[in-house]
Amino acid sequence: MSAHQYSPRQALEVLTQKLRAQDEILAAHVQAAIDAGKDVSKAEPAKGKRRNVRVYRQTVPFTHQEALEVAFDALQAYFVEQPLFIEAAAESFAKTAVGVPIQRRRTQAVSGEEREPLSLEQEGDEKMIEIELQTATQITTTGDEVLPLKRTPMERVEEQKRNIAQLRKLTDFTEE
Amino acid sequence: MATLQDLEDAIDVLLNHPLGIAQYQLIQRVEEKAYEAYIFGLCLRAARELGATPVLRGNTAPPTPFVFRGAPGQIHSTGRNYGYAEFTLNNQDFEIHAGVEFKGTSGMTHELDVCIMRASHARACRNPQSLDDPPAASLVGGWECKFFAGNLQKGLGRAFVGLMDDMGGTVRLSGLCSNSVHPQLRDYFQPQRRPYPHFRLTPLYPSNEDIFVNQIKGELKKMTAS
């Protein structure tokens, strides 16, 4: 007996509808990942003068079950991996000191190609990391100049991992 | 038995979570750059694990905050206080950069998402008396970083092979880093001297992080041993 009251196709439709309702761009990204299809090896039996089986590549659409997995992988990339990238970067930056040039008298100044003497500060401290939005060569202003990358509590990331795992379970039709 | 309502509820929980749609809308403008920041962080880790002390620097002042370029730029650009890192290993100085343009052997400039380069060249290119793009010979390792929610595009691999070809034969390390994967690209990168396919390079696969970090450590150790 089926463990689901819905088919893979219905599950995919519900997911894509809900995604579209919340964010058209994200829905389009997920749809593009699904629509890329997959490569499979096809075998053509020996025929005529050819004694060997001929194997060739063919790009085919995902099944609805596979498309669901592709969609969850894509959502995982945004909802789980992105916060993890920021966390890992922040962690590595925190362990790294900031170099502050030591002021020297003019006669002792280093040449442009020598290593500057530095005082190492803030090792072990959280660093503020920002991504430039308004680039140096852009002549139109676009609002915010930079976007700070902020860590998210890891419990939140774990919750999203569990939420995706739950959805994978709810859309696992392999035994049916 | 799972009902359609169960499924709908589970989807709502995922999308309405603080790390759901809201997170996507916040980060989507910089998703590629956040991935570069992550790879930059792995380079810092490699330097630390070699016993070096990486130090965060800024183009015009101490990097507080540390700013990643939003678009490819010149190493001497002072449009903002862009960040980089420096470290010394066996008396040789290196710098780690993101989004910096290099002069290829053809004279054409190329952007490297994340790179490790010889610090002497970097300093020379920032010297007000000799501002320039760093030459291909200054590059030690360069990585293309691609965040993808689907399959990687083949064209990225082809373009990066062409880019690295123009960087000449002295580059010791190169790779295409992505959270995603592409089986055909993996094959395409197989021939010797082609970039290494660092696929599924994310904190979800710590062994892939180790491969990336160990490659850097191995090459820098060899390079600075003599």
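The values are calculated or read from the model by the stated rules, or taken from the named source; none is laboratory data. Values in this document were obtained by computation on a predicted structure and should not be read as measured data. Cβ: placed from backbone, ideal geometry, glycine included. Neighbour counts: every protein chain shown.
General remarks:
- Condition met for A:A36 (closer than 30 Å to A:P153 by Cα, within 19 Å of the chain's Cα centre (by Cα) and either of a type in the set (A, V, I, L, M, F, W, C) or within 11 Å of another protein chain (Cβ to nearest Cβ) (or both)): no
- Where a residue in the stretch B:118-135 is under 12 Å from B:E86 (Cα atoms) and its partner, wherever it lies, is of a type in the set (F, W, Y) and not in a loop (DSSP other than H, G, I, E, B), with Cβ under 8 Å and at least six apart: B:R118/B:F94; B:A119/B:F94; B:A122/B:Y84
- Counting only residues that are part of a helix (DSSP H, G or I), loosely packed, with under 14 Cβ neighbours inside 10 Å and at pLDDT 95 or above, the stretch B:183-209 holds 2 of them.
- Highlighted here are the strands (runs of 3 or more DSSP E) found entirely within the stretch B:62-118 that include at least 3 residues which are in contact with a helix residue (DSSP H, G or I) (Cβ under 8 Å, 6 or more places away or on another chain) and farther than 12 Å from B:S138 by Cα: B:83-89, B:92-103, B:109-118.
- Taking the numbered list (1) under 19 Å from B:C145 (Cβ atoms); (2) of a type in the set (S, T, Y); (3) more than 7 Å from chain A (Cβ to nearest Cβ) in turn, B:Y38 passes all entries but (3).
- Filter result (within 28 Å of B:N127 (Cα to Cα) and of a type in the set (S, T, N, Q)) within the stretch B:26-65: B:T53, B:N59, B:T60, B:T64
- Scanning the stretch B:147-181 for residues that are farther than 23 Å from A:I86 by Cβ and part of a strand (DSSP E or B) turns up B:L173, B:S174.
- Residue check for B:L89: under 23 Å from B:Y38 (Cα atoms) and without any contact (Cβ under 8 Å) to a residue 60 or more places away in the chain: no
- For B:E111: the one exception among (1) over 14 Å from the mean Cα position of the chain (by Cα); (2) modelled with pLDDT of 95 or more: (1)
- Residue match in the stretch B:86-94 (condition: surrounded by fewer than 20 Cβ atoms within 10 Å (Cβ to Cβ), closer than 18 Å to A:G99 by Cβ, among the hydroxyl-bearing types (S, T, Y) and at the interface with another protein chain (Cβ under 10 Å from one of its Cβ atoms)): yes
- When residues of the stretch B:7-23 are limited to those that are facing another protein chain (nearest Cβ under 7 Å) and within 17 Å of A:M154 (Cα to Cα), the one surrounded by the fewest Cβ atoms within 10 Å (Cβ to Cβ): B:P18
- Taken across the stretch B:172-185, residues that are out of contact with any Leu (no Cβ under 7 Å at 6 or more places or on another chain), more than 30 Å from A:R57 (Cα to Cα) and of a type outside the set (D, E, K, R) do occur, with at least one present.
- Per-region count, the stretch A:166-176, residues surrounded by 12 or more Cβ atoms within 10 Å (Cβ to Cβ) and either outside any helix (DSSP H, G or I) or within 17 Å of the chain's Cα centre (by Cα) (or both): 3
- The one condition in (1) facing chain A (nearest Cβ under 9 Å); (2) crowded, with 22+ Cβ neighbours inside 10 Å that B:T78 fails to fulfil: (2)
- A Cβ distance below 9 Å, combined with a sequence gap of six or more or placement on separate chains, defines the contacts here; from the stretch A:69-85, residues that are on the phi > 0 side of the Ramachandran plot reach no residue that is crowded, with 24+ Cβ neighbours inside 10 Å.
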